[in-house]
C-alpha cells in the first residue's frame, strides 16, 4: 500500500468523512446498512444521501471502511455487496461490471474478480478475501463500475447503482 493511500485511509478513519460519531478503526462494523446512521461514517467516498429511508445511490467509484470480523485473519473472509441495478440504469447502460480492491495496512492490495450484471433488480457481488489481507482490525474496499449514468441523463448526479448493504464475514 502506498504511503499516500495509508494516509488517506487513516484520515478517513480518523473522522474526515461524514460526521456521525467516533470513527476509531477498532469500532468499525463489518456490516454497513445504507440507512444506518451508526455506520454512515464508514461510507468513505462515492455515496449520496439516504433515499426512501433505506438505500443510497453510488457514483461510478465508491469506497467503504469495514471492520474485520473475528476469525477472518485466520480463515479469510467473504465480501458481500447487495445492491439494485435499477431500470433507468439498465436502459442507459445495458450492462455494468463491478470490481473491487481491498486495501489493508502493511499488505499488498488485492483485486477481487469483477462481475457483470445485465438484468434489473436485486443483485449481489460476493467475493472471497484472503486471510493475509484481513490481519488488521479494518480494511478499505474501493469499488468501481465500468460505467455510470452521466449527470444530466436522469439526474444531476453521476449515478452508478443503488446500494443497500456491504458486509464482510469470516469464512
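Coordinate-derived values only; no laboratory data. Because the structure is a prediction, the values reported are computed rather than measured. All Cβ positions, glycine included, derive from the backbone under ideal geometry; neighbour counts span all protein chains shown.
Please grab the % of Cα pairs in region 3-170 that end up more than 26 Å from each other. Don't jump to the answer; show the numbers that get you there.
Values: 3487 of 14028 pairs.
Result for the distance tail: 25 percent.
Treat each spin label as a single point 7 Å out from the Cα along the C-beta direction, and report the residue 45 to residue 120 distance in nm.
The answer from the label model is 3.2 nm.
Once R0 is set to 41 Å, what does the formula 1/(1 + (r/R0)^6) return for the Cβ-Cβ distance between residue 101 and residue 153, expressed as a FRET efficiency to the nearest 0.05?
Values: r = 27 Å, r/R0 = 0.66.
After rounding, the FRET efficiency stands at 0.90.
Starting with the highest mean, order 123-132, 95-104 by the number of other Cβ atoms within 10 Å, averaged over the residues of each peptide.
So the peptides 123-132, 95-104, ranked by packing, come out 95-104, 123-132.
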